[in-house]
Amino acid sequence: MALALALVAAASASAAVVEYDLAVAEQRLAPAGKPVRVLSINGGIPGPTLRFREGDVARIRVHNQLEKETTSIHWHGLLLPNAQDGVPYLTTPPIQPGATHTFEFPLTHSGTYWYHSHTGLQEQRGVYGSIVVEPKGGEPQRADREHVLVLSDW
């Protein structure tokens, strides 16, 4: 734990801290045309795309607005301190109903990744989103526009 905190402190000394708030909540949406009870992040499925630059420090507060369920967020594909990995009961405690958990970690490599719940079937019900980490020096080839495509069963 001390090593993880030292890495975050060292990285944050010269890096931008990029902050996000993600609220996991239950609501009725119609992702396939018929209204159903879903789990959303910030009111949508998928959750928002989180954007960073290589070398930034991510500070992400996950707010569990579910009434009776714990939740979790796993940062899929990112190399980060084990305690920040987000797998409940393995690397990170589950986020209790009504509670907030703050994740903080350096972004050491660029690419496109995703985040999702590791609690029950919450990922399948809508708790997922994308992550874009741009290279420190910018993209090697400039594009007119960019689209992040997230596929799911809906």
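Working only within segment 10-34, note down all residues that are of a type in the set (A, V, I, L, M), at pLDDT 95 or above and surrounded by 14 or more Cβ atoms within 10 Å (Cβ to Cβ).
Result: 18, 22, 23, 24, 25.
Out of 91, 119, 100, which single residue is under 25 Å from residue 32 (Cα atoms), surrounded by 13 or more Cβ atoms within 10 Å (Cβ to Cβ) and polar (S, T, N, Q)?
Testing whether each residue is under 25 Å from residue 32 (Cα atoms), surrounded by 13 or more Cβ atoms within 10 Å (Cβ to Cβ) and polar (S, T, N, Q) leaves just 119.
Which condition number in (1) in contact with a helix residue (DSSP H, G or I) (Cβ under 8 Å, 6 or more places away or on another chain); (2) surrounded by fewer than 19 Cβ atoms within 10 Å (Cβ to Cβ); (3) more than 25 Å from residue 152 (Cα to Cα); (4) among the charged types (D, E, K, R) is the one that residue 69 fails?
Of (1) in contact with a helix residue (DSSP H, G or I) (Cβ under 8 Å, 6 or more places away or on another chain); (2) surrounded by fewer than 19 Cβ atoms within 10 Å (Cβ to Cβ); (3) more than 25 Å from residue 152 (Cα to Cα); (4) among the charged types (D, E, K, R), only one is false for residue 69: (3).
Return the pairs, sorted by first residue and then second, in which the second residue is crowded, with 18+ Cβ neighbours inside 10 Å and assigned to a loop (DSSP other than H, G, I, E, B), the first residue lies in segment 80-101 and is charged (D, E, K, R), the beta carbons are less than 7 Å apart, and the residues are 6+ apart or on different chains.
Within 7 Å, no pair qualifies.
Taking the condition of being surrounded by fewer than 18 Cβ atoms within 10 Å (Cβ to Cβ) and over 27 Å from residue 109 (Cα atoms), how many residues in segment 35-64 meet it?
Total satisfying the criteria: 5.
Pull up segment 122-140, narrow it to residues that are over 18 Å from residue 25 (Cβ atoms) and without any contact (Cβ under 8 Å) to a residue 24 or more places away in the chain, then point me to the one that is least open to solvent (accessible area, probe 1.4 Å).
Going through the qualifying residues, I end up with 138.
The values are calculated or read from the model by the stated rules, or taken from the named source; none is laboratory data. Source: prediction; values computed, not measured. FYI the Cβ positions are ideal-geometry reconstructions off the backbone, even for glycines, and counts take in every protein chain you see. Heavy atoms of the whole protein, side chains included, go into the accessibility calculation; ligands, DNA and RNA do not. Shrake-Rupley method; radii C 1.70, N 1.55, O 1.52, S 1.80 Å.
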